[in-house]
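A.B. asks: Structure provided below as structure tokens; questions to follow.
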Amino acid sequence: MVEVKSIEKSFGKLTVLKGVTVQIPKGKVIAILGPNGSGKTTLIKCILGLVIPDKGDILIGGENIKNNWKYRNNIGYLPQIARFPENLTVSELFRMIQDLRKNQNPKNNPEQTCSQFVSLFQIQSFLNKPLRSLSGGTRQKVNVILALMFNPDLYIFDEPTVGLDPISCVRFKETVLKEKNNGKTILLTTHILSEVEEMSDEIIFLLEGKIYYQGSPKELMANKQENTLEKAIAKMLEENEQKNTN
Amino acid sequence: MQTPIRNYITLFIFTGVYSFGSVLFLANANEIKVCPQCSISTVTQAVLAAKKGDVIVVQKGIYKERNIVIDKSITISGENFPVIDGENKGQIFLIKSDNVTINGLQIQNVGNSYVEDWAGIKLFNVKNCLIENNKLLNTFFGIYLAKSESCTIRGNEVKGTSKNEIETGNAIHLWYCKKMLIENNHLTGHRDGIYFEFVTESKIFNNVSTKQIRYGMHFMFSHYNEYFHNQFTDNDAGVAVMYSDHIYMHENTFSDNWSPVSNGILLKEISDSKIEKNIFQHNTIGVYAEGCDRIEIKNNDFTKNGWAVKILGDCNDNRFEENNFTANTFDVVTNSSLSHNLFEKNFWSEYAGYDLDKNGVGDVPFRPVKLFTYIVEQTPPAIILLRSLFIDLLNLAEKVTPVITPETLVDNNPMMKEIKW
Amino acid sequence: MQGIIKIFKYSFYDVLRSRWTVLYFLFFLISTFALLYFSGNMSKGIVSLMNVTLTITPLISTIFGVMHYYNSREFMELLLSQPIKRSNIFIGQYLGLAISLSLSFVAGTFIPFLTYGIFVSPEVWDFSLLIFTGALLSFIFVALAFLISILNENRIKGFGIAILMWLCMAVIYDGLILMVFVTFNDYPLEKAAVIMTTLNPIDLSRVMILLKLDISALMGYTAAVFNQFFGTTSGMIISLLSLSVWVVLPIVLFNSFAKRKDF
């Protein structure tokens with residue numbers, strides 16, 4: 001689904017991605033992990049076209065994304081920080097984004113999908129409220145709905161469950177799994193490793209701008225002989241440190 | 001028979017029948033009729049034939065004549081404005097006798113002379129003459145009086161057509177005269193509308209002088225004169241009053257004189273005079289004063305002028321009292337840091353003070369000279385910064401602590417409301 | 001184009017409903033009424049309003065521009081991830097802000113003058129020119145603010161630079177002109193004055209309006225040159241061209257930076 005070919009990116013003197021090559025298969029949930037500053041968000045933003053790589057190519061569905069914007073019709077993105085125009089109401093915001101993504105696949109019915117999710121996450125009563133009056137949790141729900149609304153082939157979630165209440169969290173995860181079973185590709189970053197264990201088929205571990213590990217979480221745990229992903233990752237990092245000090 | 005000093009209002013009303021009336025009154029005098037088909041078909045012939053006290057009635061028609069010399073006391077009266085045309089070849093009337101009246105004529109096309117001051121009507125060394133209700137068109141000098149006394153120039157229309165100063169003289173020109181009355185004339189298109197040089201004890205009133213190539217009125221070395229109810233509008237350089245004293249100027253309107261060198265009124269070396277109840281509106285400079293002493297400037301309206309008053313440092317003991325300064329770009333400008341003139345009880349629309357005791361007089365003094373006015377005086381192109389925020393800040397700073405603007409140029413009793421009189 | 005309109009529409013709704021825009025509108029409404037009431041006549045009211053407009057419109061447009069950019073930074077990321085061209089997003093946002101600010105200004109000044117009968121007064125053209133330049137200044141300074149914001153990720157730095165930029169254009173530039181005049185007083189400076197004025201949008205707007213209002217003073221002595229330039233059709237065209245360059249140039253620059261920028 002997504003092919004990342006030796007991407008390099010630096011901001012000024014700071015090199016964030018040092019030749020990342022990765023294949024993201026269709027119909028899987030893939031978690032991008034890594035310590036702070038390892039380049040997770042930059043990688044995601046490269047895929048989204050928000051950050052333009054210095055070198056390398058990214059292909060989505062076989063199409064190079066360089067100087068292209070139409071491919072984003074097939075992506076639903078959930079940004080980490082949910083901030084919206086303060087004086088628009090929730091339904092106006094939904095309409096705005098629907099408006100922007102019109103003329104797409106006629107099978108899609110974003111209005112209908114949207115109202116399904118509105119009731120799933122129970123924000124019906126906020127629809128006509130201005131966005132500035134919303135709490136952080138509600139705002140995150142709006143954020144989630146904006147990403148899910150268009151039935152795209154690829155979802156990109158940046159810390160999706162931060163700020164969500166437990167019920168919504170569960171419903172969100174259920175939705176993600178359902179979408180996976182519909183053959184959708186899901187790319188997510190998160191700090192909550194239990195979530196990764198629970199949802200993802202594969203992890204991509206980024207360290208200092210390089211792919212350090214790619215494979216299924218179960219394999220990693222087996223490999224490191226640990227029973228939780230957390231411990232397995234910790235072990236992997238420790239080994240890396242030892243290697244560096246030697 | 002001619003009584004120049006009469007109630008001018010009565011005359012104004014009865015102007016139309018005046019000539020007819022005087023003819024009746026002088027029933028025993030001879031009347032000589034001139035018309036193109038008459039036995040006397042030119043004015044020159046009629047004047048030759050006339051005796052003292054006769055009335056020459058010129059009927060409608062075109063008379064191509066010039067150099068008509070009148071050396072006896074007679075009246076020349078036109079019916080329906082007969083035209084005396086000089087064909088641009090010379091002066092038309094020269095009056096050399098006292099008690100001559102000329103009225104109701106249309107006098108035109110004198111022509112230019114660079115040697116002689118040709119005029120439509122020239123009066124030389126005479127007394128008690130009356131020039132009334134004539135139309136003078138394209139007459140180099142219109143009405144020219146020299147060394148004369150007690151004459152009246154009334155209700156004439158003097159219209160020039162030239163475009164530059166050299167090709168035209170003045171509409172009404174007086175030189176070494178006294179006790180003259182210049183009233184109700186309409187003057188336009190000359191070098192100066194009214195020109196006074198060495199003229200004393202005269203009155204100029206109810207005249208309109210407009211669109212002159214230079215000054216609407218020009219005054220030199222002429223003392224003890226009074227002019228009032230005149231309108232000086234749209235002249236290239238406004239009105240100039242110079243080297244004179246004891247002038248009383250009141251209830252005139254000076255407006256729309258706005259070329260780069262234009263003033264409502266230019267006062268140069270004027271002393272002991274009074275300027276009262278005049279309107280100065282929309283002039284580049286309302287009043288420009290240079291070397292003036294003891295002038296009382298009271299109850300005038302200064303409205304929408306570029307500079308309402310420009311008073312140079314060599315002016316002393318002038319008093320500006322109870323005037324209205326409204327919406328001028330600059331109220332007062334001076335080139336000196338000292339001022340020996342008084343500003344009292346004027347209304348300034350720029351004034352931002354308060355009146356806590358409600359006596360109608362502002363409690364804080366007003367300084368009409370701003371720093372920017374001073375800067376523009378020194379560096380003229382700086383005018384392009386007019387009304388910019390930087391200039392406002394600069395003015396404010398100077399207002400708080402005056403350093404450059406004259407400290408004595410201040411109105412200590414600015415009025416809160418416009419003054420009515 | 002369609003993308004621009006879509007973004008513009010919502011951005012316009014958003015800004016128009018912001019309480020800052022409402023305050024901005026009320027500010028002009030109240031101060032214009034007050035100016036008209038205290039000055040008593042239309043032409044003096046226009047002169048006072050000109051002073052307010054030339055100072056406040058650029059300042060508020062700059063502040064709103066910077067604020068709006070930084071505040072919608074995260075939302076712009078969301079928009080950038082949508083299938084729409086980058087330039088459309090930014091131009092749409094720019095138009096939304098600039099048009100709603102100009103509208104607040106125009107409505108705030110227009111309503112009082114309307115109730116005082118501007119349409120039957122001879123000053124209607126002077127007033128139209130004032131409104132037009134006021135609106136144009138909003139477009140110019142929002143564009144400059146956007147340009148400064150996109151070049152500075154650091155909000156405080158961006159804010160500082162923007163205010164400094166306003167200060168330079170509104171105050172310091174004139175101080176420099178004055179210094180040049182005073183220093184080179186012995187040289188003919190009129191042409192230099194015309195050129196320097198044309199280069200600063202605030203000064204240019206001021207002189208354009210002044211030549212309609214304070215013409216008697218400006219025509220005096222030296223300013224014949226100014227009138228010869230600004231009074232003619234070609235001078236007017238050059239002035240308007242210069243003002244439009246001040247709108248277009250920052251947008252073009254902004255756009256080219258936006259194309260290459262990482263968010």
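The values are calculated or read from the model by the stated rules, or taken from the named source; none is laboratory data. Keep in mind it's a predicted model, so treat the numbers as computed, not measured. With ideal geometry, Cβ positions are generated from the backbone for all residues, glycine too; neighbour counts draw on all protein chains shown. Heads up: the accessible areas ignore ligands, DNA and RNA and are worked out on the full protein's heavy atoms, side chains in. Shrake-Rupley method; radii C 1.70, N 1.55, O 1.52, S 1.80 Å.
A.B. asks: Considering only residues that are outside any strand (DSSP E or B) and within 15 Å of residue B:170 (Cα to Cα), which ones fall in segment B:195-248?
C.D. replies: B:207, B:211, B:212, B:213, B:214, B:215, B:216, B:235, B:236, B:237, B:238
A.B. asks: Quick one: how many residues across segment B:219-246 are of a type in the set (Val, Ile, Thr) and under 16 Å from residue B:195 (Cβ atoms)?
C.D. replies: Residues flagged as of a type in the set (Val, Ile, Thr) and under 16 Å from residue B:195 (Cβ atoms) within segment B:219-246 amount to 2.
A.B. asks: Scan segment C:148-158 for residues that are open to solvent by 70 Å² or more (accessible area, probe 1.4 Å) and either in a helix (DSSP H, G or I) or acidic (Asp, Glu) (or both) and jot them down.
C.D. replies: Once the filter is applied, which keeps residues that are open to solvent by 70 Å² or more (accessible area, probe 1.4 Å) and either in a helix (DSSP H, G or I) or acidic (Asp, Glu) (or both), segment C:148-158 yields C:151, C:153, C:155, C:156, C:157.
A.B. asks: On to the next question. Among the listed residues B:352, B:327, identify the single one that is of a type in the set (Gly, Ala, Ser) and touching a Ser or Thr at 6+ places or on another chain (Cβ under 6 Å).
C.D. replies: B:327
A.B. asks: Would you please name the residue that is surrounded by the fewest Cβ atoms within 10 Å (Cβ to Cβ), looking only at residues in segment A:66-122 that are in a helix (DSSP H, G or I), more than 9 Å from chain C (Cβ to nearest Cβ) and among the hydroxyl-bearing types (Ser, Thr, Tyr)?
C.D. replies: A:119
A.B. asks: Moving to a separate point now. For segment A:141-163, state whether one or more residues are farther than 30 Å from residue A:70 by Cα, assigned to a helix (DSSP H, G or I), open to solvent by 10 Å² or more (accessible area, probe 1.4 Å) and among the basic types (Lys, Arg).
C.D. replies: Checking segment A:141-163: not a single residue is farther than 30 Å from residue A:70 by Cα, assigned to a helix (DSSP H, G or I), open to solvent by 10 Å² or more (accessible area, probe 1.4 Å) and among the basic types (Lys, Arg).
A.B. asks: Out of all the residues in segment B:378-397, is one or more in contact with a Ser or Thr (Cβ under 8 Å, 6 or more places away or on another chain), more than 10 Å from chain C (Cβ to nearest Cβ) and either buried (at least 16 other Cβ atoms within 10 Å of the Cβ) or in a helix (DSSP H, G or I) (or both)?
C.D. replies: The answer is no, given that none of the residues of segment B:378-397 is in contact with a Ser or Thr (Cβ under 8 Å, 6 or more places away or on another chain), more than 10 Å from chain C (Cβ to nearest Cβ) and either buried (at least 16 other Cβ atoms within 10 Å of the Cβ) or in a helix (DSSP H, G or I) (or both).
A.B. asks: Next question. From (1) open to solvent by 30 Å² or more (accessible area, probe 1.4 Å); (2) at pLDDT below 90; (3) within 13 Å of chain A (Cβ to nearest Cβ), pick out the condition that doesn't hold for residue C:41.
C.D. replies: Just one mismatch for residue C:41, condition (3).
A.B. asks: Among the residues of segment C:109-124, is any within 14 Å of chain B (Cβ to nearest Cβ), part of a helix (DSSP H, G or I) and acidic (Asp, Glu)?
C.D. replies: Looking through segment C:109-124, none of the residues is within 14 Å of chain B (Cβ to nearest Cβ), part of a helix (DSSP H, G or I) and acidic (Asp, Glu).
A.B. asks: Do the conditions hold for residue B:350, that is, is it part of a loop (DSSP other than H, G, I, E, B), within 14 Å of chain C (Cβ to nearest Cβ) and in contact (Cβ under 8 Å) with a residue 24 or more places away in the chain?
C.D. replies: yes
A.B. asks: Given the conditions (1) open to solvent by 30 Å² or more (accessible area, probe 1.4 Å); (2) not in a helix (DSSP H, G or I), and given that residue A:194 satisfies all but one, which numbered condition is not satisfied?
C.D. replies: Tallying (1) open to solvent by 30 Å² or more (accessible area, probe 1.4 Å); (2) not in a helix (DSSP H, G or I), residue A:194 fails exactly one: (2).
A.B. asks: Suppose we filter segment B:125-142 for residues that are modelled with pLDDT under 95 and among the β-branched types (Val, Ile, Thr); how many remain?
C.D. replies: Final tally of qualifying residues: 1.
A.B. asks: Still on this structure: Consider segment C:74-92. How many of its residues are more than 8 Å from every other protein chain (Cβ to nearest Cβ), open to solvent by 10 Å² or more (accessible area, probe 1.4 Å) and not aliphatic (A, V, I, L, M)?
C.D. replies: Of the residues in segment C:74-92, 2 are more than 8 Å from every other protein chain (Cβ to nearest Cβ), open to solvent by 10 Å² or more (accessible area, probe 1.4 Å) and not aliphatic (A, V, I, L, M).
A.B. asks: Facing chain B (nearest Cβ under 10 Å) and buried (at least 16 other Cβ atoms within 10 Å of the Cβ): is that true of residue C:181 in this structure?
C.D. replies: Here the answer is yes, as residue C:181 does meet what is asked.
A.B. asks: List, please: which pairs have Cβ atoms under 9 Å, are six or more places apart or on different chains, and start with a residue in segment B:250-267 that is at the interface with chain C (Cβ under 9 Å from one of its Cβ atoms) and end with one that is among the hydroxyl-bearing types (Ser, Thr, Tyr) and part of a loop (DSSP other than H, G, I, E, B)?
C.D. replies: Short answer, once both residue conditions are applied: B:258/B:284; B:259/B:284; B:260/B:284; B:260/C:221; B:260/C:222; B:261/B:284; B:261/C:221; B:262/B:284.
A.B. asks: Suppose we filter segment B:261-294 for residues that are surrounded by 24 or more Cβ atoms within 10 Å (Cβ to Cβ) and aromatic (Phe, Trp, Tyr); how many remain?
C.D. replies: Counting residues in segment B:261-294 that are surrounded by 24 or more Cβ atoms within 10 Å (Cβ to Cβ) and aromatic (Phe, Trp, Tyr) gives 1.
A.B. asks: Next question, about the same structure. Looking at residue A:110, is it within 23 Å of residue C:261 (Cβ to Cβ) and touching a helix residue (DSSP H, G or I) at 6+ places or on another chain (Cβ under 6 Å)?
C.D. replies: no
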